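Here the structure is laid out as structure tokens; the discussion comes afterwards.
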Amino acid sequence: MLRTPAAVQDAERHTAHNYHPLPVVISSAEGAWLTDVDGRRYLDCLAGYSALNFGHRHPTLIAAAHAQLDRLTLTSRAFIHDQFADFCRELAALCGKELVLPMNTGAEAVETGIKVARKWGYQVKGVPDGAANIVVAEGNFHGRTTTIVSFSTDDDARADFGPYTPGFRVVPYGDLTALSEAVDEHTVAVLLEPIQGEQGVVVPPEGYLPGVRRLCTERNVLFIADEIQSGLGRTGATFACEQAGVVPDMYLLGKALGGGIVPVSAVAADADVLGVLKPGQHGSTFGGNPLACAVATEVVRLLATGEFQRRSAELGERLHTGLRALIGKGLVAVRGRGLWAGLDIDPALMSGREACERLMARGVLAKDTHGSTIRLAPPLVITADEIDHALTQLAAVLAS
């Protein structure tokens, strides 16, 4: 008798229904493959929304976690531990920035960026107290705190969570004219995803990010890049901004930084930005804890070799070539970069949810978003043969 149906029911019985997961119950994983409670294997083409860029249970990262568990796991930031300096120094070097502020979740990194930008605006730019504004883009997804959903344009994320936090201006993504018109003397930051993930892996128009960089420099505004999903190798470079020849004033990082083992996020910027914070003004008990730093330092070292960025670029070309061949055969559009793709399925065929359920039945796991769109973001350890396998299964689903 299969264990999955009862396990799904049991999981749903005592949890708030804030997610609608696929009806699969995973019990173990290795590399790019997952195994459910009935022993069935699945190719992971989601990678925890990029939290698993290095695959499940990467041996180097698991070894670092095991070693640290035997020594020290938490001190709070009241004390310094022996993993902290290496993590901050090596991540700062990877980002080309002077300072790092470690946190835990992506949303915390975004909240940190917002607070730092406002404080910088008041203390450095000279914006009148309480007047700071930050410009963001339509279709954004930066997290789900009350402040962040205040500038979301997704009704599911925003509706019924007011009153909303003021101080944000929303403009169309990719529209430099609208952005320029929204920035005024009280604007302290432009906060953008260099590629919008939750919206369906939306790549901005050519020249958009360089235009944002020029505008921010000219108007004395911080350019904050939310690279929580797009960063750390996902797009074929360490950061998606690199591929546009752009360096933001602040990176927001998370997901893959924890190696799929512990939640780790961070803000990276130079001292003239992050230096506005003084003791007691911002923090986190678990931010930069020893276990997190031990794992995340190894993540940074894996990225420092460039191997995973190259894999993403090379295998991403194979993935996108295969996906483009399916346009007109069930797909109406494909977007993305590296090992990251948004696929628009012909809505006359099926919804994104139906497509993901049919892929699941064929042993491939992906996730839908916004109706008939699905996202593919396999671990960067995936092989060429495994990409071909996923493409074959997708073609079969679209033809069914």
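Here, each number is a calculation from the coordinates, and none is a lab measurement. Just so it is clear, the model here is predicted, and its values are computed rather than measured. With ideal geometry, Cβ positions are generated from the backbone for all residues, glycine too; neighbour counts draw on all protein chains shown.
Report the Cα-based extents of the range 12-85 along its three principal axes, largest first, to the nearest Å.
44, 31, 21
Scale the Cα Rg of the range 72-304 by the rule-of-thumb value 2.2 N^0.38 Å and send over the ratio, two decimals. Before the final figure, lay out each step's value.
Numbers: Rg = 16.9 Å, N = 233, 2.2 N^0.38 = 17.5 Å.
After normalising by residue count via 2.2 N^0.38 Å, the value is 0.97.
Estimate the FRET efficiency between Asp388 and Ala78 by the formula 1/(1 + (r/R0)^6), using the beta-carbon distance for r and 51 Å for R0, to the nearest 0.05.
On the way: r = 52 Å, r/R0 = 1.02.
After rounding, the FRET efficiency stands at 0.45.
Treat the count of other C-beta atoms within 10 Å as a stand-in for reagent exposure and order Tyr19, Tyr49, Tyr251 from fewest to most. Show your work: numbers first, answer last.
Working: Tyr19 7, Tyr49 16, Tyr251 27.
Placing the least packed residue first, the sequence is Tyr19, Tyr49, Tyr251.
May I ask you to sort Arg118, Arg40, Arg13, Arg358 by Cβ crowding, counting other Cβ atoms within 10 Å and putting the fewest first?
Details: Arg118 21, Arg40 13, Arg13 7, Arg358 17.
Sorted ascending by nearby Cβ count, the order is Arg13, Arg40, Arg358, Arg118.
Please report, in cubic angstrom per residue, the volume enclosed by the convex hull of the alpha-carbon atoms of the range 133-230. Working shown, then result.
Details: hull volume 8.6 nm³, N = 98.
Hull volume over Cα atoms, normalised by residue count, gives 88 Å³.
Between beta-carbons, use under 15 Å as the cut-off and find the net charge around Glu218, counting Lys and Arg +1, Asp and Glu -1.
Working: positive: Lys125, Arg213, Arg214, Arg219; negative: Glu181, Asp184, Glu185, Asp249.
For residues surrounding Glu218, the net value is 0.
Determine the principal axes of the Cα atoms in the range 67-111, then give the extent along each, sorted from largest to smallest and rounded to whole angstroms.
31, 23, 20
Local charge sum around Asp155 (other residues, Cβ-Cβ under 14 Å, Lys/Arg +1, Asp/Glu -1)?
It works out to a net charge of -3.
I need the Kirkwood Rh of the range 289-400: take the reciprocal of the average 1/r across all distinct C-alpha pairs and report it in angstrom. Could you put the intermediate results ahead of the total?
Values: mean 1/r = 0.0668 Å⁻¹.
That comes to 15.0 Å for the range 289-400.
Along the charge dipole of the range 72-304, which of Pro205, Val221, Leu74 sits closest to the positive end, that is, farthest toward it, with unit charges on the beta carbon of Lys, Arg, Asp and Glu (+1, +1, -1, -1)?
Of the options given, the answer is Leu74.
Taking every pair of Cα atoms in the range 274-342, average 1/r, invert it to obtain the Kirkwood radius, and report Rg/Rh to two decimals. Numbers along the way, then the final one.
Numbers: Rg = 19.8 Å, Rh = 15.8 Å.
Taking Rh as the inverse mean 1/r over Cα pairs, Rg/Rh reads 1.26.
When the gyration tensor of the range 158-198 is built from Cα positions, what are the square roots of 5 times its three eigenvalues, in whole Å, from largest to smallest? Present the calculation step by step, with values, prior to reporting the outcome.
Details: eigenvalues 81, 54, 17 Å².
In descending order, the three semi-axes are 20, 16, 9 Å.
If you only keep lysine pairs separated by 8 or more in sequence, or across chains, how many in the chain come under 27 Å at the Cα atoms?
Summing the qualifying lysine pairs gives 14.
If we sort 165-178, 264-277, 359-372 on the protection proxy, mean other Cβ atoms within 10 Å, highest first, what's the order? Display every interim value, and only then the final one.
Details: 165-178: 16.4, 264-277: 21.6, 359-372: 18.7.
Going by the mean number of other Cβ atoms within 10 Å, highest first, we get 264-277, 359-372, 165-178.
About its Cα centre, what dipole magnitude does the range 72-304 give when the only charges are +1 on Lys and Arg Cβ and -1 on Asp and Glu Cβ, stated in debye to the nearest 20?
Working: 17 positive and 27 negative charges, 108 e Å.
Once rounded to the nearest 20, the dipole reads 520 debye.
When you count, for each residue, the other Cβ atoms within 10 Å and take the mean per peptide, how do 122-133, 374-385 rank with the highest first? Numbers along the way, then the final one.
Values: 122-133: 14.1, 374-385: 22.6.
Result, highest mean first: 374-385, 122-133.
Looking at the chain from every direction and averaging, what is the projected area of its Cα convex hull in nm²? Walk me through the numbers on the way to the answer.
On the way: hull surface 81.2 nm².
The orientation-averaged projected area of the Cα hull of the chain comes to 20.3 nm².
Mean residue ellipticity at 222 nm from the helices of the chain, using -39,500 (n - 2.57) per DSSP H segment of n ≥ 4 over the full residue count, to the nearest 500 deg cm²/dmol?
It lands at -10500 deg cm²/dmol.
How do Thr285, Thr4 line up, fewest other C-beta atoms within 10 Å first? Spell out each step's value before the answer.
Numbers: Thr285 11, Thr4 14.
Fewest-to-most Cβ neighbours within 10 Å comes out as Thr285, Thr4.
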